[in-house]
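The values are calculated or read from the model by the stated rules, or taken from the named source; none is laboratory data. Treat the numbers as computed from the prediction; the structure is a model and nothing was measured. Reconstructed Cβ throughout: ideal geometry from the backbone, glycine too, with neighbour counts over all protein chains shown.
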Amino acid sequence: MASPIETVEPILLEEDDIARADALRGACHRLLAECAKVIVGQEEVLEQLLLAVLAKGHCLLVGVPGLAKTLMIHTLADGMALTFNRVQFTPDLMPTDITGTELLYDDRATGAREFRFVQGPIFSNIVLADEINRTPPKTQAALLEAMQERQVTVAGKRHRLPDPFFVLATQNPIEQEGTYPLPEAQQDRFMFNIQVNYPTEADEFRIIEATTRGSKVKVQPVITAEEILAMQDLVLKVEAASYVVRYAGKLTRLTRPGEAGVPVPDFVKKYVSFGAGPRAGQNLVLAAKARAILQGRTYVAIEDIKAVAKPVLRHRLMLNYHAEADRVTPDDIVTKLLPLVPREH
């Protein structure tokens, strides 16, 4: 007989926490304003990146070349007083090029020889994994332990990564020759899959005008590591009522075509091979909590779940050939599912 699921009472924000949330929310808005000095448009993308940072999540940015994916991540890192490393993923990149390795040191004075661990670029608060699908699976897998456990194991020894720690990866959806698609297990480690689209005509005019003048804008750091950690603690304290958590769970379960006892819509059965797992529900609630704080609330609303549904779910739905033939995307599935999820109070 299965043991009953333990229920945990939500930790409500106290007055001091509310005051801190107001101050830190102001810092987040200043950060977005600093990023806007360099990044024209893409407000939704920047906000989703910030939500993932506040919810201790990793992000995968997908978009065609030239849409400033790398610049956005670099600018966000500049606006936070955090360490930052960029790794350009290539077919010849080895796991130790990311994690680090042990080297043999020779002390000429004593003649003693010993192995010392030399840290790789992953030992940073923010790691930009540029074009992550251009490196073989062996090297991609080197990120799995770091992303999930926030540690790396080299020569049998565990090395803790700095806190906070985020992997922000980019991927080009067009060029598939010479690439290695991320396995589903690794995609599931990313809280968000963020689609970066072409700018509007007005934004494109501003981009061309600003980048052909020769002037350069410097982003000032406005948030410290301590403030990020404090905000992450506050996010966990935001109240999510039972009906909100159930809404996230029901939305996740409706994406699974073979789920027994669930009224799965016919279009899911037709187009989806495998739906989202429990980690999707967890990320829906965590991201919604972060959004609630940025919206000035101390509780999660259904609208917060809906707002983060696409970036949380789009990389967790495996569509079949019927969907490809009918040009149905994961976003189309999520859009049709949201009105069908029953709401309880």
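Observations, loosely collected:
- Some residue of segment 206-221 being surrounded by 13 or more Cβ atoms within 10 Å (Cβ to Cβ) and farther than 22 Å from Asp78 by Cα: no
- Given (1) farther than 30 Å from Asp22 by Cα; (2) free of Cβ contacts under 8 Å to residues at least 40 places away in the same chain; (3) surrounded by fewer than 17 Cβ atoms within 10 Å (Cβ to Cβ), number of the condition Tyr198 does not satisfy: (2)
Let's see how each residue does on (1) touching a residue at least 12 places away in the same chain (Cβ under 8 Å); (2) buried (at least 20 other Cβ atoms within 10 Å of the Cβ):
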position: Ala241; (1), (2): yes, no
position: Leu251; (1), (2): yes, yes
position: Leu254; (1), (2): yes, yes
position: Ala260; (1), (2): no, no
position: Val268; (1), (2): yes, yes
position: Ala287; (1), (2): yes, yes
position: Val300; (1), (2): yes, yes
position: Ala309; (1), (2): yes, yes
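- Inclusion of Gly63 among residues that are touching a residue at least 24 places away in the same chain (Cβ under 8 Å), farther than 26 Å from Val152 by Cβ and surrounded by 20 or more Cβ atoms within 10 Å (Cβ to Cβ) is warranted.
- Filter pass, Val118 being in the same structural domain as Gln186 (by TED's automatic domain parsing), touching a strand residue (DSSP E or B) at 6+ places or on another chain (Cβ under 9 Å) and among the aliphatic types (A, V, I, L, M): no
- Number of residues in segment 134-153 that are closer than 13 Å to Asp97 by Cβ and charged (D, E, K, R): the value is 1.
- Residue in segment 159-167 that is over 28 Å from Leu229 (Cβ atoms) and either assigned by TED's automatic domain parsing to the domain that holds Gly66 or modelled with pLDDT under 90 (or both) present: no
- With respect to the conditions (1) farther than 20 Å from Val45 by Cβ; (2) out of contact with any Pro (no Cβ under 8 Å at 6 or more places or on another chain); (3) in a helix (DSSP H, G or I), Gly296 lacks only one, and its number is (3).
- Boolean, Thr153 is surrounded by 12 or more Cβ atoms within 10 Å (Cβ to Cβ) and without any contact (Cβ under 8 Å) to a residue 12 or more places away in the chain: yes
- Top-ranked residue of segment 116-145 - restricted to ones that are under 14 Å from the mean Cα position of the chain (by Cα) and modelled with pLDDT under 85, ranked as surrounded by the most Cβ atoms within 10 Å (Cβ to Cβ): Leu143
Results for (1) crowded, with 17+ Cβ neighbours inside 10 Å; (2) farther than 18 Å from Arg253 by Cβ; (3) more than 21 Å from the chain's Cα centre (by Cα), shown as yes or no for each residue.
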position: Gly275; (1), (2), (3): yes, no, no
position: Arg279; (1), (2), (3): no, no, no
position: Ala290; (1), (2), (3): yes, yes, no
position: Asp304; (1), (2), (3): yes, yes, no
position: Arg327; (1), (2), (3): no, yes, yes
position: Val334; (1), (2), (3): yes, no, no
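- Which numbered condition Glu204 fails, given (1) in a loop (DSSP other than H, G, I, E, B); (2) within 17 Å of Gly63 (Cα to Cα); (3) modelled with pLDDT under 90: (1)
- Qualifying residue in segment 101-110 (condition: surrounded by 21 or more Cβ atoms within 10 Å (Cβ to Cβ) and either closer than 20 Å to Gln171 by Cβ or free of Cβ contacts under 8 Å to residues at least 40 places away in the same chain (or both)): no
- In a residue-by-residue description of segment 326-340, the property of being among the basic types (Lys, Arg), outside the structural domain of Leu60 (by TED's automatic domain parsing), out of contact with any Lys or Arg (no Cβ under 8 Å at 6 or more places or on another chain) and at negative phi applies to at least one position.
- Test: residue in segment 141-154 that is among the β-branched types (Val, Ile, Thr) and either within 26 Å of Leu71 (Cα to Cα) or in a helix (DSSP H, G or I) (or both): no
Residues are listed down the side, and each one gets a yes or a no for (1) closer than 30 Å to Gly66 by Cβ; (2) outside the structural domain of His58 (by TED's automatic domain parsing):
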position	(1), (2)
Phe190	yes, no
Glu209	yes, no
Val217	yes, no
Glu226	no, no
Gln232	no, no
Ala248	no, yes
Arg256	no, yes
